[in-house]
Amino acid sequence: MKEHMPKAHQKHLEWTPSRLLRWAAQMGPETQKLLAHILENRPHPEQGYRSCLGVLRLGKRYSPERLEAACARALAFKAYSYKNVESILKKGLDQHPVEVSSPQGRLPLLEHENLRGKEYYQ
């Protein structure tokens, strides 16, 4: 069967989700969490391989520490993709603390006669 596949597809046979997650764990737990999320949220894990490999390559281009911080930021903002992690690194956002807003930091709800609220729908 392998010999009937295109060369590009044959390479994918040597990758598995557990292998990718082991590589990610070498970078750090946040990188591993991000890759796990990418793999779990595709109809087939194989569809996430290229994205995962791209994220891991970013650790070589920047550094494992910066990649780990970028993955933590991506997870905090639910930005689960290679493009988002790459953008975080390019813009240096990984070097700034993640500010997660608390319920007290939310804007007050607007009051207006045309806004019905959740009670209307019960």
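Figures for the structure shown
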{"read-out": "Pairs, first under 21 Å from Ala74 (Cβ atoms) in region 84-110, second at pLDDT 80 or above and in a loop (DSSP other than H, G, I, E, B), C-beta under 7 Å, six or more apart", "value": "Leu89/Tyr62"}
{"read-out": "Failed item in (1) at pLDDT below 95; (2) outside any loop (DSSP other than H, G, I, E, B); (3) of a type in the set (A, V, I, L, M, F, W, C), with Val98 passing the rest", "value": "(2)"}
{"read-out": "Hey, Arg73 crowded, with 19+ Cβ neighbours inside 10 Å, at pLDDT 95 or above and of a type in the set (Lys, Arg) or not", "value": "yes"}
{"read-out": "Any pair with Cβ under 6 angstrom, 6 or more apart, that starts in region 20-40 at a residue that is under 15 Å from Glu65 (Cβ atoms) and of a type in the set (Asp, Glu) and ends at one that is modelled with pLDDT of 95 or more and buried (at least 18 other Cβ atoms within 10 Å of the Cβ)", "value": "Glu30/Glu68; Glu30/Cys71; Glu30/Ala72"}
{"read-out": "Residue within region 58-65 that is modelled with pLDDT under 75, among the small types (Gly, Ala, Ser) and assigned to a helix (DSSP H, G or I) present", "value": "no"}
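The values are calculated or read from the model by the stated rules, or taken from the named source; none is laboratory data. Remember, predicted model here, so these are calculated numbers, not experimental data. When we count neighbours, we look across all protein chains shown, and the Cβ atoms used for this are built from the backbone with ideal geometry, even at glycine.
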